[in-house]
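Here's the structure we're looking at; comments come further down.
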Amino acid sequence: MLTQYHIEIMLTSLGERFSARAMSAITYANVNQDRMSGQFGHDEFHFDNNAFEKTYVYIEDQRALVISSLTAGDAITAWQAFGRFLHSTQDFYAHSNYITLWTNRFDGQTLPPPPEVDPMDPSLINSPDLRSGKVYYPFEFLYFFRKTRAFSLRYLPKDSHAWMNLDSPEQGGFKFDYAMQAAIKRTVIEFDKTTKGFSEEMCRLFLDK
Ligand SMILES: [Zn+2]
């Protein structure tokens, strides 16, 4: 997803829960995953290239770092790790066909509005049809630049990140709103999962309130 949408997801889902200082650190670490050096060779940052297992391992490693850092009294490292793995969970809805599989279920019926999207349907998360966009170099590189985007799309196959992504309303069409709502709900689920079992002191440190 584009940076502005990661920020919107963060503020909508968690803005009220953390102090402004904590929220800034978490959000910065989140959007920093899209830095140039994080774009290449890091499928686990963005759920790209069907690297599902690698991404789930990355998420749990980062979650474990949140907990060990807070136990050691280091809130900053915890915020950064939390922001990093939330980026992956948010990109899941923009880079995989999860939203397409979910909306396809309503073929011929009225589609429920975006806030009703289920972000964690186990039969879709574990579906053999679940895919995420493949990154084909060098054409995918040209896709990143507005001027060469249309040119790159002529050469990229339909299972590429370039064709599949719902990173913005421009690319995602009506599915973009579903990706946003799913990412917002998923972020709250990840917050609850991470903080479950926190001591009072860990909560105070993490939320910084
Ligand atoms: Zn990303």
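Quick note: the coordinates plus some simple rules give every number you see, no bench work behind them. Every value quoted in this text rests on a predicted model; they were computed, and no experiment measured them. Glycine also receives a Cβ, built like all others from the backbone with ideal geometry; neighbour counts cover every protein chain displayed.
In the range 31-68, the qualifying residues are those that are of a type in the set (S, T, N, Q) and in contact (Cβ under 8 Å) with a residue 60 or more places away in the chain, and the one that is nearest to the ligand (Cβ to nearest atom) is Q39.
Of the set (1) part of a helix (DSSP H, G or I); (2) away from the ligand (no atom under 15 Å from the Cβ); (3) more than 20 Å from M202 (Cα to Cα); (4) not β-branched (V, I, T), all apply to Q80 but (3).
How many residues are within 17 Å of D34 (Cα to Cα), surrounded by 14 or more Cβ atoms within 10 Å (Cβ to Cβ) and of a type outside the set (D, E, K, R) when one looks only at the range 134-167? Result for the range 134-167: 8. Step by step: first the residues of the range 171-193, then only those that are of a type outside the set (F, W, Y) and more than 13 Å from the chain's Cα centre (by Cα), then the one that is nearest to P122 (Cα to Cα). Which residue is that? Among those residues, the one meeting the criterion is K193. How many residues does the range 34-58 hold that are assigned to a helix (DSSP H, G or I) and touching a Leu at 6+ places or on another chain (Cβ under 9 Å)? Residues that pass the stated criteria total 2. Residues of the range 99-131 that are outside any loop (DSSP other than H, G, I, E, B) and either exposed (fewer than 14 other Cβ atoms within 10 Å of the Cβ) or under 12 Å from the mean Cα position of the chain (by Cα) (or both): N104, P115, E116, P122, S123.
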